[in-house]
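Step one of this worksheet: look at the structure below.
Values in this text are rule-based calculations from the coordinates and carry no lab data. Note that the coordinates shown come from a computational prediction; the quantities given were computed from them, not determined experimentally. Here the Cβ is made from the backbone with ideal geometry for all residues, glycine too, and neighbour counts use every protein chain on show.
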Protein chains: 2
Amino acid sequence: MCDMSGTSELRELSRRAVRSKIAEVAERLFAAKGFEATTVDDIAKAVGMSQRTFFRYFASKEDAALDGFERRSDDFVARLAGRPLMESEWDSLRRVFDVVVEQSADAGHRNRIAAIHQTAGASPTLLAAYLHKVDHMQQRLVDALLARAAERGETPDEPVLRAVVGSAFACLQAALSCAAGSSHPADLAEQLDAVMAAVRPVRYV
Amino acid sequence: MCDMSGTSELRELSRRAVRSKIAEVAERLFAAKGFEATTVDDIAKAVGMSQRTFFRYFASKEDAALDGFERRSDDFVARLAGRPLMESEWDSLRRVFDVVVEQSADAGHRNRIAAIHQTAGASPTLLAAYLHKVDHMQQRLVDALLARAAERGETPDEPVLRAVVGSAFACLQAALSCAAGSSHPADLAEQLDAVMAAVRPVRYV
DNA sequence: ACTTGAATGGCAGGCGCTGACATTGATCGC
DNA sequence: GCGATCAATGTCAGCGCCTGCCATTCAAGT
């Protein structure tokens with residue numbers, strides 16, 4: 001009972017591994033049979049566990065399908081933390097979106113993301129869950145940007161900041177949906193630059 | 001069988017009336033007991049119908065809760081149709097959002113919207129459905145704006161337009177969440193003006 | 001009156017999801 | 001080694017959302 005921390009680490013590691021395994025199997029099944037046609041029992045059987053255990057790792061079927069986006073959320077916040085403190089929020093956000101650009105440079109990642117995107121488009125509940133996660137991600141970035149502003153000694157207008165983050169994500173979504181059909185990885189970066197230059201808020205000129 | 005159109009009108013009228021009745025009862029129950037604690041059976045019993053019939057009017061419990069937003073979507077498109085053809089998209093969108101401002105001028109509407117907003121915030125699935133509807137509304141406005149641009153003889157950049165609409169909605173959301181606590185109806189209009197002025201895309205200056 | 005079509009109710013069932021309880025299995029103190 | 005402990009898992013039962021399917025009813029047209 002003393003080595004609780006070490007035990008926790010191991011347990012945590014195991015949990016993560018199982019989680020990834022489930023998400024991986026689920027992703028494959030969704031791509032093969034579609035999201036709605038795949039039952040949680042199918043996934044559980046394919047992984048080799050009971051349905052009840054599945055729900056001990058993911059709160060919902062949607063969560064399993066969108067596990068990849070969850071991690072990207074962490075990457076976003078981490079990337080933002082690495083940006084210079086005095087950079088404008090708009091430019092920082094553009095740099096944050098580079099994680100998406102870099103991920104889509106890999107063909108495998110691109111195919112996976114395209115498959116998930118296609119799956120999400122066909123299932124209303126999955127799309128709703130996706131939008132929910134995007135919303136949550138925006139909230140995290142707003143909080144981080146608020147903290148950065150406070151670190152600079154500023155007290156920014158929170159609603160404006162929320163709107164700025166929302167605008168940046170609107171640009172990302174637009175660029176993504178446009179570059180979805182294209183197979184050139186560089187297109188996304190160009191599209192993103194073009195859109196974010198056109199929509200750049202006047203307060204940052 | 002000849003007077004098919006007249007019959008259809010009556011049936012349609014009846015359907016709308018029943019739909020409104022269901023939505024009204026559901027809203028009251030949600031406000032009283034919360035969204036998740038209220039079952040579809042509760043609503044059906046309160047209206048005086050079977051659960052099966054409820055699902056013939058609404059595809060889901062969430063749809064019943066968000067019936068009001070559905071109508072606002074129609075109002076948005078209608079309001080946009082009334083704007084001058086040469087007005088910039090950003091200013092048109094600001095005018096479109098006046099329907100929200102006007103609705104929140106009425107105290108009753110404000111309380112209802114606040115109640116729904118609060119309910120949505122407490123229930124993840126309802127929030128997800130709400131975001132889904134907002135997304136759909138944006139799509140409709142993008143299509144309408146595309147048609148207007150074509151009417152002017154222009155061929156606008158679609159991804160940029162999508163991003164612009166998304167940015168405007170981000171402003172609306174930010175202003176709404178900020179003015180949620182305030183009880184002054186004029187605050188929303190001011191907040192909206194301030195945020196949309198700060199975030200106005202450079203392409204519209 | 002007969003027919004047609006739509007609205008409704010009732011029933012059965014699938015699926016997502018959860019609580020409760022028992023079992024297993026690894027770790028730790030002795 | 002041995003029992004205690006605690007997390008992970010399985011099993012079972014059950015609720016709530018949602019959907020076909022079929023029978024009934026009721027209004028409207030012929």
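Residue by residue along A:192-202, Cβ atoms of other protein chains within 10 Å of the local Cβ number 6 on average.
Of the residues A:Phe55, B:Leu188, A:Ala31, the one whose Cα sits farthest toward the positive end of the charge dipole of the protein assembly as shown, with +1 on the Cβ of Lys and Arg and -1 on the Cβ of Asp and Glu, is A:Phe55. Placing a label point 7 Å from the Cα of A:Ala59 along the Cα-to-Cβ direction, the distances to the matching points in the other copies come to 2.4 nm, shortest first. Count charges around B:Ser50 for me, please; just the other residues with Cβ under 11 Å from its Cβ, Lys/Arg as +1, Asp/Glu as -1. Counting the neighbours of B:Ser50, the net charge comes to +2.
Specify whether the C-alpha gyration tensor of chain A places it in the rounded, prolate or oblate class, a ≥ b ≥ c being the square roots of the eigenvalues: rounded for a/c under 1.5, otherwise prolate if a/b is larger than b/c and oblate if not. Taking the square roots of the gyration eigenvalues as a ≥ b ≥ c, chain A is oblate. Placing a label point 7 Å from the Cα of B:Arg83 along the Cα-to-Cβ direction, the residues of segment A:175-205 whose backbone N falls under 18 Å from that point are A:199-202. Within 10 Å of the Cβ of each residue in B:122-135, the mean number of Cβ atoms contributed by other protein chains is 5.
Hydrophobic long helices, here whole DSSP H runs in chain B with Kyte-Doolittle means of at least 1.0 and Cα atoms spread over 15 Å or more along the helix axis, are found at B:158-179. Inter-copy label distances at A:Arg72, shortest first and taken from points set 7 Å along Cα to Cβ: 2.8 nm. Each of the peptides B:188-198, B:151-161, B:133-143 was scored by the mean count of other Cβ atoms within 10 Å over its residues; in descending order, highest first, they stand as B:188-198, B:133-143, B:151-161. A label point on A:Glu190, set 7 Å along the Cα-to-Cβ line, lies at 4.7 nm from each of its counterparts in the other copies, closest listed first. Residues of segment A:126-155 with an amide N closer than 19 Å to a point placed 7 Å from the Cα of A:Arg71 along the Cα-to-Cβ direction: A:130, A:133-134, A:137.
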